[in-house]
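Here, each number is a calculation from the coordinates, and none is a lab measurement. Only a predicted model underlies this, so the values are computations on that prediction, with no experimental measurement involved. Virtual Cβ from ideal backbone geometry, glycine too; neighbours counted across all protein chains shown.
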Amino acid sequence: MEMSQYLEVFIEESKEHLQSCNEHLLELEKNPGNLTIVNEIFRSAHTLKGMSATMGYEDLAKLTHQMENVLDGIRQSKIPVTPALLDVVFLAVDDLEAMVESISEGGDGKRDVTEAVRKLTLIEKGESPDEAAAKEEIASAAVAEVPLKNTYDEFEITVIQQSMEHGFYPYEVGVTLREDCLLKAARVYMVFEAAEKLGEVIKANPPVEQLEEEQFDTSFTITLVSKEDRSLIEKAIMNVSEVVKAEALKISSDALRTPKEQEPKQPANNDIREKVQTLDAPASEIEEQSDNKETNRVKQGNSANKTIRVNIERLDILMNLFEELVIDRGRLEQISRELDNPALNETVERMSRISGDLQNIILNMRMVPVETVFNRFPRMVRQLAKDLNKKIDLEIIGAETELDRTVIDEIGDPLVHLLRNALDHGVETPDIRKANGKAETGTIRLKAFHSGNHVFIEIEDNGAGISRDKVLNKAIKNGIINDNAASALTDKQVYELIFASGFSTADKISDISGRGVGLDVVKNTIESLGGSVTIDSELGKGSIFSIQLPLTLSIISVMLVEIQEEKYAVPLSSIIETAIVRIDEILNAHNQKVIDFRGKVVPLLFLKDLFEVPSVKENDAFYSVVIVRKGDKMAGLVVDSFIGQQEVVLKSLGNYLSGAFAISGATILGDGEVALIVDCNALIK
């Protein structure tokens, strides 16, 4: 059977099942006695196992089979749900996700799942992960007494003993390559490179010269001195492709005194291996019931709502074609106005209505729920909370809110960074929260909602908040502002200082984040999408980061303006209103021309000067001004005249012109002229 035609479906469905596993495991952690949740996880694992086996991905099938055994034990009340058990299952899901990702990128989906399978097998046998870890520690200490594979001369023994005195552990690491491995010498070099990142290699058997000449079968041994644990050493070497086995044995002082050669130790878990490989075992009665329920659920869903999977590239092509149609529509509308033919006007008007409806349909087809981004955050928050010894609840609101796929693709990393900041430096540790009269468990709320032609995403925490004084002191120290300017800033303006490049209020550098470290990248990414980010905070109460994003990036509404003989487009999303200002209404402040706009001082920016437009005519009586905003800041863009509103297709300027100041792209107008699109965010500082 030709499987390639099913590959895309396999990848998509596998990702859906793994996401379901992640979500339900997080639910199970909160409700360990709820067997309905266990059944859902079991169903996803069982389906994934069947698909993987059918497609020929053995490692995937092997691991899901063993995971399925553990879940079945939980369903039958033979295995209790504990945090340690969930940690093992989460790690197994991580391995599965890595394999599916490998397949989606054109790989073979192979991965060493021995460790995950071994831990799951121990759980299935009734041993808790904690007991298994204790046994591993005892076994790790015991292997120090096993006979050595290498022999050592006096010099080598002295080196090993001196390294032990300085806190290093000596290991003999047995490495086995695949039988069909090509370029064995290259693999040996990669093994040495991986080992030397963790310590120092002092001996090899066979010697290095023979290894370089590939004068060995598939196995060799290295002696390594390192401060790392044996499991980390084995994992690092197993990451080298073509390595099928890595076993690190600790060397004892007694063994060094009477060195002996010994055959490589054979693993004693053949029974486990045989059990894991039995993938064609008949399903239990419970499995059949689950499958029947799943079948009924699918049938009911199909009768209510029929769907079809479409490759996103086809939607991109469709969107590009429609963009060309929008340009031609604009041209037809202009010709129709010039000829003033009733029949032509009626036809063009009807075509405009139909193409408008078509535009809405195509844009909706490209809309994706932010859930696709939000889904990865609960697992991340759980792990980081564990690493930081904090108690944190993540609340997700409005995950069904939809955004254009192009925006979705870009927004993930900024949200990850803001969440990590909230976790590390926003929410306090349980003891500090308790001392401040707060609940030990902090809350981070991730919220998405529509408002007009924008989507807002808010990250709110009930942590320590941002200290105005701390931010100002650091900003003055870094030379970002001076003392006089600092005293005049509002709280919001102070908070915005943490978006400065390299700015951090953290007392110490953290591996996870620093409040402000990298936030300049977050801000730049969001603004490159035509959005904005603002901060509100109350010391001791918490902080809110609010992100505003456009629904789509491809077709936008603009106000067309004229500057001398050139046309420019200003996005409507940035415009507050337009105004005609008389010359005598213009004031001067700090060498800057300003106007009084509804009680606020708004600086004027003359676009003909900023864009160096050749001057042909001057209007001395009044100025046409477009009032635009960025957050709570405003500016007045001075133009020669307003043309009107229009929907245009946003086209990139390409790499060569990507650095053009305050220009985010271009569009082709109905008369064939090119109009540059003004980037208001770049103009307002």
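Counting only Cα atoms, the size of the range 312-366 along its three principal axes is 41, 16, 10 Å, in decreasing order.
With the convex hull of its Cα atoms as the shape, the range 147-261 has an orientation-averaged projected area of 6.6 nm². Annotation: aspartates and glutamates with alpha-carbon distance below 18 angstrom to K434 (same-chain offsets under eight excluded): D393, D424, D461.
Only alpha carbons enter this Debye calculation for the range 359-463, each as an equal point scatterer, and the log10 of I(q)/I(0) it gives at q = 0.14, 0.15, 0.23 Å⁻¹ is -0.58, -0.64, -1.18. Ordered by the number of other Cβ atoms lying within 10 Å of each residue's own Cβ, fewest first, K197, K434 fall into the sequence K197, K434. Roughly how far apart, in whole Å, are the Cα centres of the range 60-108 and the range 156-227? Computed from Cα coordinates, the inter-centre distance equals 32 Å. Ranking V521, Q548, I432 by how far each Cα lies toward the positive end of the dipole of the range 369-550 (charges on Cβ) leaves I432 at the top. Per the Debye formula on identical point scatterers at the alpha carbon atoms of the range 298-448, with no solvent, log10 I(q)/I(0) at q = 0.14, 0.15, 0.19 Å⁻¹ is -0.85, -0.91, -1.12.
Measuring max minus min along each principal axis, the C-alpha atoms of the range 556-653 give extents of 38, 34, 22 Å (largest first). Each principal axis of the Cα cloud of the range 369-550 was evaluated for its coordinate range; sorted largest first, these ranges are 45, 38, 27 Å. Which residues in the range 171-203 have a backbone N closer than 17 Å to a point placed 7 Å from the Cα of T218 along the Cα-to-Cβ line? Those under the cut-off are 174-188.
Applying the Kirkwood pairwise sum to the alpha-carbon positions of the range 4-135 produces a hydrodynamic radius of 14.8 angstrom. In plain terms, the residue of E196, E228 with the fewest other Cβ atoms within 10 Å comes first and the most crowded comes last, giving E196, E228. Charge dipole of the range 312-366 (Cα centre as origin; +1 on each Lys and Arg Cβ, -1 on each Asp and Glu Cβ, all else neutral): 140 debye, rounded to the nearest 20.
Residues F155, F597 in ascending order of nearby Cβ atoms (within 10 Å, fewest first): F155, F597.
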